Amino acid sequence: MIQTISQYFQFPFVRYALVVGTLIALCSSLLGVTLVLKRFSFIGDGLSHVAFGAMAIAGVLRITNDMLFVMPVTILCAVLLLRTGRNAKIKGDAAVAMISVGALAIGYLLLNLFSTSSNLSGDVCSTLFGSTSILTLTQAEVWLCAVLSVLVVALFIFFYNRIFAVTFDEDFARAVGTRVEAYNLLIAVVIAVIIVLAMNLVGSLLISALIIFPALSAMRVFRSFLSVTVCSAALSVACALAGMLIAIVGGTPVGSTIVAVDILVFFVFCGIEQFR
Amino acid sequence: MALITCRDLTFGYESHAILEHLSFQVNAGDYLCIVGENGSGKSTLMRTVLGLQKPMGGTIAFGDGLVENEIGYLPQQTAIQKDFPATVWEIVLSGCQAHMGRRAFYGRAEKALAAQNLERMGMTACRRRCYRELSGGQQQRVLLARALCATRKLLLMDEPVSGLDPRVTAEMYDLIEQLNRRDGVTIIMISHDIQAAVRYASHILHLGGAEVFFGNAEQYRNSDVGRRFDVAEGGVRA
Ligand SMILES: Nc1ncnc2c1ncn2[C@@H]1O[C@H](COP(=O)(O)OP(=O)(O)O)[C@@H](O)[C@H]1O
Ligand SMILES: [Mg+2]
């Protein structure tokens, strides 16, 4: 098996995939705790569907580097969703549901109407479940992914203390003069970036799993915000690496294999919690 | 000039006013208790003073060298905090967030301040423990230590003793009294317990529909509202 793996490592695209996949897994896990605890997970879910719709539009418009189109659209929607979420008059949840289901429907419709591809359902499936897209990234996309991932990690480290404060107690933070709105905006934008990145790795339907499972596992066992964050980052990277290797060797779809490993680890951590 | 002066204040949610034309002031060293029934707008008033929501009318002026945001706040417990993975130390340190300026991380001064306030609350031994595994009284002490990291001038507390057993409640009242008497921290506290309020506070603000009272504790005891609530009902209002 080692031989098979080293054989695969001969191909540059496999090496790229592993590096980019690891980076994406790392940054997608960082905001997991915040997402779960701030009840922002619904935004994450909605945005992944928006990203799918944007991807479809990019395909119809024949934009070559579709991330450059999908990214701004998703960020814009993140900002809009955050706004409506705060507005008590429009139900936040309903707005998210409308936007996300709408984006899915319109996206699929556009693909059906305008796609010239002979394998439409295959295309849709790979956008939704990311079957092999991490292996088919162009060199430019690899660089874009890598740079953005590093940026996300750097932003997270720099604002770590603020993110903790705003996540733990928004009212207290606001009362002592922290610019809570600005940090919520930052969090939403970073989530949007992570979602577009993660789409390459696991496809748009499985993104929430990639973001949330490592955090949930870590929260089972660890007791401080720092240790939970570090642990979920480590878990996410390990699961992504394991998932990608299994997928390459076994020929299984990358995204769902990674998520399956994440789920397995979650149950292991539940077990550890019971035995403490 | 007073620390906080509210003039003709109207507050509420969206376009619905809970209370109109409220005026009161808080001087340095005061211990103000806000009492009143559930839903009378105590928490909303506190949130308005803190700047968490805009007043619908009137003004709130800060004086005596008090800058807006130079306030320690002990909120009513929220659901999020119940299952949050964070240690006592991480939470108390976050009280120093206003002192960080543009820096990204806490420096030596902030860590010393957090350690000092943890010690003052008698929680140093628990600094590595997880917040959600503490008892209700310990959790309140942690939040009080965090609030003290934010400022030493003015503390606003929203029902700091609710849900605590009588012994821990008494300890908490003593702690707050000490902060007020010995350290000169100005206290504004929301409470359900009118008897305790009359005993400890220097001033009382009673909210409740048409019956609004503001004055010192002595005046309150002799007022119509005060007599009715304090004497007739034994001060115990849930
Ligand atoms: N977020 C909110 N939106 C609209 N109305 C609210 C909100 N929070 C509280 N209220 C209403 O405002 C009134 C006062 O609430 P509150 O200030 O919490 O009272 P208290 O703290 O004195 O029990 C209540 O009638 C309550 O229903
Ligand atoms: Mg209240």
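The values are calculated or read from the model by the stated rules, or taken from the named source; none is laboratory data. These numbers come from a predicted model, not from an experiment. Quick reminder, even Gly has a Cβ in these numbers, built from the backbone with ideal geometry, and neighbours come from all protein chains shown. Calculation scope for accessible area: heavy atoms of the full protein, side chains included, ligands and nucleic acids excluded. Shrake-Rupley method; radii C 1.70, N 1.55, O 1.52, S 1.80 Å.
Just one of B:Ile4, B:Ile34 is within 22 Å of B:Leu144 (Cβ to Cβ), within 16 Å of ligand 2 (Cβ to nearest atom) and open to solvent by less than 10 Å² (accessible area, probe 1.4 Å); which is it?
Numbers: B:Ile4 fails: within 16 Å of ligand 2 (Cβ to nearest atom).
Going through B:Ile4, B:Ile34 in turn, the sole match is B:Ile34.
The number of residues in region A:223-259 that are surrounded by 21 or more Cβ atoms within 10 Å (Cβ to Cβ) and charged (D, E, K, R) comes to 0.
Considering region A:53-68 alone, what residues qualify as being more than 17 Å from the chain's Cα centre (by Cα) and in a helix (DSSP H, G or I)? Result: A:Ala56, A:Ile57, A:Ala58, A:Gly59, A:Val60. Can you tell me how many residues within region B:6-52 are more than 9 Å from ligand 1 (Cβ to nearest atom) and within 14 Å of chain A (Cβ to nearest Cβ)? The qualifying residues number 6.
Check whether at least one residue in region B:42-50 is within 16 Å of ligand 2 (Cβ to nearest atom), in contact (Cβ under 8 Å) with a residue 60 or more places away in the chain and open to solvent by 50 Å² or more (accessible area, probe 1.4 Å), and report yes or no. Step through it out loud before you land on a result.
To start, the set of residues in region B:42-50 that are within 16 Å of ligand 2 (Cβ to nearest atom) comprises B:42-50.
Next, from what is left, pick out any that are in contact (Cβ under 8 Å) with a residue 60 or more places away in the chain: B:42-43, B:45-46, B:49-50.
This time we only want the ones that are open to solvent by 50 Å² or more (accessible area, probe 1.4 Å), so: none.
No, there is no match, as no residue in region B:42-50 is within 16 Å of ligand 2 (Cβ to nearest atom), in contact (Cβ under 8 Å) with a residue 60 or more places away in the chain and open to solvent by 50 Å² or more (accessible area, probe 1.4 Å).
Among the residues of region B:175-192, is any touching a Lys or Arg at 6+ places or on another chain (Cβ under 6 Å) and assigned to a strand (DSSP E or B)? Checked region B:175-192: at least one residue is touching a Lys or Arg at 6+ places or on another chain (Cβ under 6 Å) and assigned to a strand (DSSP E or B).
Checking each residue in region B:64-100 for being farther than 26 Å from B:Ser135 by Cα and either among the small types (Gly, Ala, Ser) or open to solvent by 50 Å² or more (accessible area, probe 1.4 Å) (or both) picks out B:Asp64, B:Gly65, B:Val67, B:Glu68, B:Asn69, B:Glu70, B:Ala98, B:His99. When residues in region A:170-185 are screened for being more than 8 Å from chain B (Cβ to nearest Cβ) and surrounded by 17 or more Cβ atoms within 10 Å (Cβ to Cβ), 4 of them pass.
Is it the case, given these coordinates, that B:Gly95 is more than 23 Å from B:Arg47 (Cβ to Cβ), touching a helix residue (DSSP H, G or I) at 6+ places or on another chain (Cβ under 6 Å) and either facing another protein chain (nearest Cβ under 8 Å) or modelled with pLDDT under 90 (or both)?
Numbers: more than 23 Å from B:Arg47 (Cβ to Cβ): no; touching a helix residue (DSSP H, G or I) at 6+ places or on another chain (Cβ under 6 Å): yes; either facing another protein chain (nearest Cβ under 8 Å) or modelled with pLDDT under 90 (or both): yes.
Judged against the criteria, B:Gly95 is not a match.
No other residue among B:Arg132, B:Arg152, B:Arg103, B:Arg167 is exposed (fewer than 14 other Cβ atoms within 10 Å of the Cβ) and in a loop (DSSP other than H, G, I, E, B) apart from B:Arg103.
Counting just the residues of region B:151-163 that are among the aliphatic types (A, V, I, L, M) and within 16 Å of ligand 2 (Cβ to nearest atom), which one comes out nearest to the other protein chains (Cβ to nearest Cβ)? Spell out how you get there, then give the answer.
As a first pass, look at region B:151-163 and keep what is among the aliphatic types (A, V, I, L, M): B:154-157, B:161.
Adding the requirement that they be within 16 Å of ligand 2 (Cβ to nearest atom) leaves B:156-157, B:161.
Working: B:Leu156: 8, B:Met157: 12, B:Val161: 18 Å.
Applying the filter and picking the extreme gives B:Leu156.
Residues of region A:133-169 that are open to solvent by 40 Å² or more (accessible area, probe 1.4 Å) and within 13 Å of chain B (Cβ to nearest Cβ): A:Ala154, A:Leu155, A:Ile157, A:Phe158, A:Phe159. The one condition from (1) under 18 Å from A:Val202 (Cβ atoms); (2) open to solvent by 60 Å² or more (accessible area, probe 1.4 Å); (3) more than 16 Å from the chain's Cα centre (by Cα) that A:Arg220 does not meet is (1).
Applying the condition of being assigned to a helix (DSSP H, G or I) and out of contact with any Leu (no Cβ under 7 Å at 6 or more places or on another chain) to region A:30-46 and asking which residue is nearest to A:Val152 (Cα to Cα) yields A:Leu30.
Would you point out which residue out of B:Ala109, B:Ala61 is away from chain A (no Cβ under 11 Å), on the phi < 0 side of the Ramachandran plot, surrounded by fewer than 16 Cβ atoms within 10 Å (Cβ to Cβ) and in a helix (DSSP H, G or I)?
Numbers: B:Ala61 fails: in a helix (DSSP H, G or I).
Only one candidate qualifies: B:Ala109.
Sort out which residues of region B:51-95 are among the hydrophobic types (A, V, I, L, M, F, W, C), more than 16 Å from ligand 2 (Cβ to nearest atom) and within 30 Å of A:Leu226 (Cα to Cα), and write them in order of number. Residues satisfying the conditions are B:Ile71, B:Ile80, B:Phe84, B:Ala86, B:Val88, B:Trp89, B:Ile91, B:Val92, B:Leu93.
Collect the residues in region A:101-120 that are at pLDDT below 75 and over 13 Å from A:Ala58 (Cβ atoms), keeping them in residue-number order. Of everything in region A:101-120, those that are at pLDDT below 75 and over 13 Å from A:Ala58 (Cβ atoms) turn out to be A:Thr116, A:Ser117, A:Ser118, A:Asn119, A:Leu120.
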